Amino acid sequence: MKVSSLPGRYALLCPSVLLGLFLHGNALAGPITFDTALPVASREGILRGQYVLVRATGDPTPLGRSITVQAAPAALAYGVTPRLALFGIVPYFDKSLKMNTPSGRIERSASGIGDLLFLGRYTAYALDRPGSTIRLAPFAGVKLPTGRDDVSDGLGRLPRPLQPGSGSWDGAGSPSGKLLRPIGIAVASNGDVYVTDARIRVVRLASSGEFKGEWGREGNGTGEFGNPVGIAVASDGPVLVSDYQRDRIQKFTSDGSFLLSFGASGKEPGRFNAPAGLAVDSSGSLYVADFYNHRVQKFRSDVSFEKIFGHPGRMGAGALHYPTGVAVTPEGKLLVADAYNYRIQWFDAEGNPIRRSGDHLFWLWPLRTSSKRGFKVPTGVAVGSNGLIHVADSGNHRIVMLSAKGEYVADWSIPDSNPKVFSPEQVAVSQDGESVYATDLSANRILILAVERQPAFQEDGTGKR
């Protein structure tokens, strides 16, 4: 497939989106169904092989996606004692995805050794009698990133779900529940994805979608939330979370250890009335979309108040009406998702408004909501290292790509959106600018899009180097 001549566009057909739209992530992983209750005598070894074939067809969307995953894992079990057994599983994967594109039907595939899995099982209780067996045998383990996670083809690097390996270490564990109305999302420099959701928590995921941890619960104490909404990750690792209900910001280590909290209810500088989206710039300064105060506040890296961007209003440069998302460009400009003014606004480092994108008629309703120019309640915004801007246009159920000047480049609509729920809510972009993540509040999932290869995109929007 030829590289697009546009400065960039969404690969609407990105296999990564299958994580949310077509298949569960474990379907692409290739299920391994070895019975971990297999009896293993002390000092006895057992070697077993397995072949698994998974096919998924019947995609109702125009993409016509079909997936074939062949898995051939080998498992070695060894009895250390009569109660303790160890298991080692080495999988081999062959994965392929076929889908329709504007250039015709294509296939992307990868094969190779996957991640090595070690498990330990301890039989705490066993009752054997004629015709029945009762066993209580908990097990735990760790996955080693032995499989490749950097396989590429003629279209570029394959998305995570098609890679033989995950590229991450994972201990045994499971989240307290599936995502429920996810809102905030952020991507760390190592590729980890952080999500806030209605279970009053922060969920940490690998870029492949695998669970890596979570923290938070309902309450007023440290590490507790009333309604966690916005989330951002600083370049040196700390995670910042806004509490929309408690009017405060909390700071954590990358694994959820509490560091500090600041903020209180009010209109004065440094106080909040429903803090929403967050962004951190290269110097560590934090930007907060102060929803009901109709402004954005900037705090230094030591969380001391610095300045206010924007003012309440429905018309004119700098006027904000329920801002929900913020982002900082590589040049240090601030972008604001001015949700109920139906537009995106740019501010310079001094707080001066310099640009707007989006149309509305006398601020009452958006114009051209299905076209290239208008927005209907844009709730999130993110900027890639390549300068491309990504907007969560929630009322239109789509993600819109803009140039650095705010000119329309491409958009992608959720094919099975719920017309009664505005979504996607927030958007984030990977460090390399090649993957876009969005929270689909209505379907309790994360959408993942690939950005097609494009030349470096400069502020003048020409794509010239």
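Restricting attention to the range 318-358, the residues being buried (at least 23 other Cβ atoms within 10 Å of the Cβ), in contact with a His (Cβ under 6 Å, 6 or more places away or on another chain) and outside any loop (DSSP other than H, G, I, E, B) number 2. Residues in the range 129-151 that are open to solvent by less than 70 Å² (accessible area, probe 1.4 Å), modelled with pLDDT of 70 or more and either part of a strand (DSSP E or B) or under 17 Å from LEU116 (Cα atoms) (or both): ALA140, GLY141, VAL142, LYS143, LEU144, PRO145, GLY147, ASP149. May I ask you to verify whether PRO419 is more than 17 Å from PRO182 (Cα to Cα) and either part of a loop (DSSP other than H, G, I, E, B) or open to solvent by 10 Å² or more (accessible area, probe 1.4 Å) (or both)? So PRO419 passes the test. Counted as qualifying within the range 221-281 are the strands (runs of 3 or more DSSP E) with 3 or more residues that are touching a residue at least 40 places away in the same chain (Cβ under 8 Å), namely 228-233, 239-243, 248-252, 275-280. Mind listing whichever residues of the range 259-283 are at pLDDT 95 or above, open to solvent by 30 Å² or more (accessible area, probe 1.4 Å) and either among the acidic types (Asp, Glu) or under 22 Å from the mean Cα position of the chain (by Cα) (or both)? GLU268, VAL280, listed by residue number.
Selection of the range 288-300 for residues being open to solvent by 10 Å² or more (accessible area, probe 1.4 Å) and either closer than 24 Å to GLU425 by Cα or touching a residue at least 24 places away in the same chain (Cβ under 8 Å) (or both) yields PHE291, TYR292, ASN293, HIS294, ARG295, LYS298.
For the range 411-426, a residue qualifies if it is under 20 Å from the mean Cα position of the chain (by Cα) and of a type outside the set (S, T, N, Q), and the qualifying residues are ASP411, TRP412, ILE414, PRO415, ASP416, VAL421, PHE422, PRO424, GLU425. Just for the range 386-412: of the residues that are of a type in the set (Gly, Ala, Ser) and assigned to a strand (DSSP E or B), which one is surrounded by the fewest Cβ atoms within 10 Å (Cβ to Cβ)? Looking at residues that are of a type in the set (Gly, Ala, Ser) and assigned to a strand (DSSP E or B), I get ALA410. Evaluation of ALA289 against the conditions (1) touching a Pro at 6+ places or on another chain (Cβ under 6 Å); (2) modelled with pLDDT of 95 or more; (3) under 16 Å from GLY406 (Cβ atoms) shows that the sole unmet condition is (3).
Filter the range 117-128 down to the residues that are open to solvent by 40 Å² or more (accessible area, probe 1.4 Å) and in contact with a Leu (Cβ under 6 Å, 6 or more places away or on another chain), then identify the one that is modelled with the highest pLDDT. Once the filter is applied, the top-ranked residue is TYR122.
Looking only at residues in the range 198-213 that are aliphatic (A, V, I, L, M) and assigned to a loop (DSSP other than H, G, I, E, B), the one that is modelled with the lowest pLDDT is ALA206. Of all residues in the range 101-116, those being assigned to a strand (DSSP E or B), open to solvent by less than 60 Å² (accessible area, probe 1.4 Å), in contact (Cβ under 8 Å) with a residue 40 or more places away in the chain and not small (Gly, Ala, Ser) number 3. When the residues of the range 306-317 are filtered to those that are open to solvent by 40 Å² or more (accessible area, probe 1.4 Å) and in contact with a Lys or Arg (Cβ under 8 Å, 6 or more places away or on another chain), the one that is farthest from PRO269 (Cα to Cα) is ALA317. Filter the range 176-201 for residues that are within 16 Å of the chain's Cα centre (by Cα) and over 25 Å from GLY165 (Cα atoms) and give the result. Residues satisfying the conditions are LEU180, ARG181, PRO182, ILE183, GLY184, THR196, ASP197, ALA198, ARG201. Applying the condition of being among the polar types (S, T, N, Q) and assigned to a strand (DSSP E or B) to the range 75-100 and asking which residue is least open to solvent (accessible area, probe 1.4 Å) yields SER96.
So which residues in the range 435-465 are modelled with pLDDT under 90, surrounded by 14 or more Cβ atoms within 10 Å (Cβ to Cβ) and either under 18 Å from THR329 (Cβ atoms) or touching a His at 6+ places or on another chain (Cβ under 6 Å) (or both), if there are any at all? Matches in the range 435-465: VAL451, GLN454, PRO455, PHE457, GLN458, GLY461, GLY463.
The values are calculated or read from the model by the stated rules, or taken from the named source; none is laboratory data. Since the model is a prediction, treat every value here as computed from it, not as a measurement. Every residue, glycine as well, gets a Cβ built from its backbone with ideal geometry; the counts of neighbours run over all protein chains shown. Please note that ligands, DNA and RNA were not included when accessible areas were found on the heavy atoms of the full protein model with its side chains. Shrake-Rupley method; radii C 1.70, N 1.55, O 1.52, S 1.80 Å.
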